[in-house]
Amino acid sequence: MTITITAFERSPDGGQGMARDMRVRWALEEVGQPYGVRLLSFKAMKEPAHLALHPFGQIPTYQEGDLALFESGAIVFHIAERHAGLLPDDPNARSRAITWMFAALNTVEPPIVDREVAEFLEDETWYEQRLPFIDERIRKRLGELSGRLGNADWLDGAFSAGDLLMVTVLRRLEGSGILEEYPNLSAYVARGKARPAYKRAFVAQLAVFTAAPTA
C-alpha cells in the first residue's frame, strides 16, 4: 500500500526543513520506504476533507490503506515500529529510544516553540520583555541535554528515532546563536544533517518550496 503524507503547498520556513513533515520524510528515508506527498494550501488545511484526517487542521498526516495518523511524533513512532532502522532490537534500548522521542517533543521543544511564537506573534515590547526568560528556559534544557550527550555521537548508542526527533527540534534554534553555545549539541545536529536520509528528505522538501508559485 502506498504511503501518502501531507505537507505545506508553500512552506512558511522557505523550504529549510523546519516544517514538521520533514520529520516524517526523514523517518521514511531512513527505513527505505517510498511515499507520496499531497500538498495543501492553508485554506485546504481547514476544510472538512483534511479535518477528517487531522482534527486540528495541521500537517503532516500519514495515510496507508485504511490507516490515517496525525502528529509528527506519533507518525515517526509508527514508522519506527513497522520498519527496521529507527528502534533497537534490544527491549531496554528500544524503550530508552522511545523515551528520548518523548523527551524531544515534550521537554526540549516547548520552550523553543514558545520563543518562535513570541518572536512572530507578540508585539515588540512584550517580546523583548519575555525573551530573556524564554532563553533561560531553553538554556537550562540545552545544558542538561549537553551534559547527558557528552562526547557521544548519539543519545543512546546507535542513531534512533529519538535522535531523529531531537535533531529536528534543536534545528529550530539555528540562527538564534543559542545552539552554538553548546559545541557538542551543534556537532550532534551537524551529524544528523549529514546522514544521507536527512539530505534526501531535505532536498525533497526544498523542491516543493522552490517549485511553488510566488505568493
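The values are calculated or read from the model by the stated rules, or taken from the named source; none is laboratory data. The shown structure was predicted, so the numbers you read here are calculated from the model rather than taken from an experiment. Cβ sites come from the backbone with ideal geometry, for glycine too, and all protein chains shown count toward neighbours. To get the accessible areas, we keep the full protein, side chains included, count just its heavy atoms, and leave off ligands, DNA and RNA. Shrake-Rupley method; radii C 1.70, N 1.55, O 1.52, S 1.80 Å.
Overview of results
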{"read-out": "Selection within segment 137-155 - open to solvent by 50 Å² or more (accessible area, probe 1.4 Å), of a type outside the set (Lys, Arg) and over 26 Å from residue 16 (Cα atoms)", "value": "144, 147, 151"}
{"read-out": "Lone qualifier among 209, 202 - being in contact with a Ser or Thr (Cβ under 6 Å, 6 or more places away or on another chain), in a helix (DSSP H, G or I) and over 18 Å from residue 108 (Cα atoms)", "value": "209"}
{"read-out": "Any helices (runs of 4 or more DSSP H) falling wholly within segment 1-53 and containing at least 3 residues that are open to solvent by 10 Å² or more (accessible area, probe 1.4 Å) and out of contact with any Ser or Thr (no Cβ under 7 Å at 6 or more places or on another chain)", "value": "42-45, 48-51"}
{"read-out": "Any pair with Cβ under 8 angstrom, 6 or more apart, that starts in segment 131-158 at a residue that is among the aromatic types (Phe, Trp, Tyr) and ends at one that is part of a helix (DSSP H, G or I)", "value": "154/163; 154/188; 154/191"}
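Residue-by-condition table, conditions (1) more than 22 Å from residue 189 (Cβ to Cβ); (2) in a helix (DSSP H, G or I); (3) modelled with pLDDT of 95 or more; (4) of a type in the set (Lys, Arg):
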{"residue": "76", "(1), (2), (3), (4)": "no, yes, yes, no"}
{"residue": "94", "(1), (2), (3), (4)": "yes, yes, yes, yes"}
{"residue": "97", "(1), (2), (3), (4)": "no, yes, yes, no"}
{"residue": "101", "(1), (2), (3), (4)": "no, yes, yes, no"}
{"residue": "118", "(1), (2), (3), (4)": "yes, yes, no, no"}
{"residue": "129", "(1), (2), (3), (4)": "yes, yes, no, no"}
{"residue": "147", "(1), (2), (3), (4)": "no, yes, yes, no"}
{"residue": "152", "(1), (2), (3), (4)": "no, no, yes, no"}
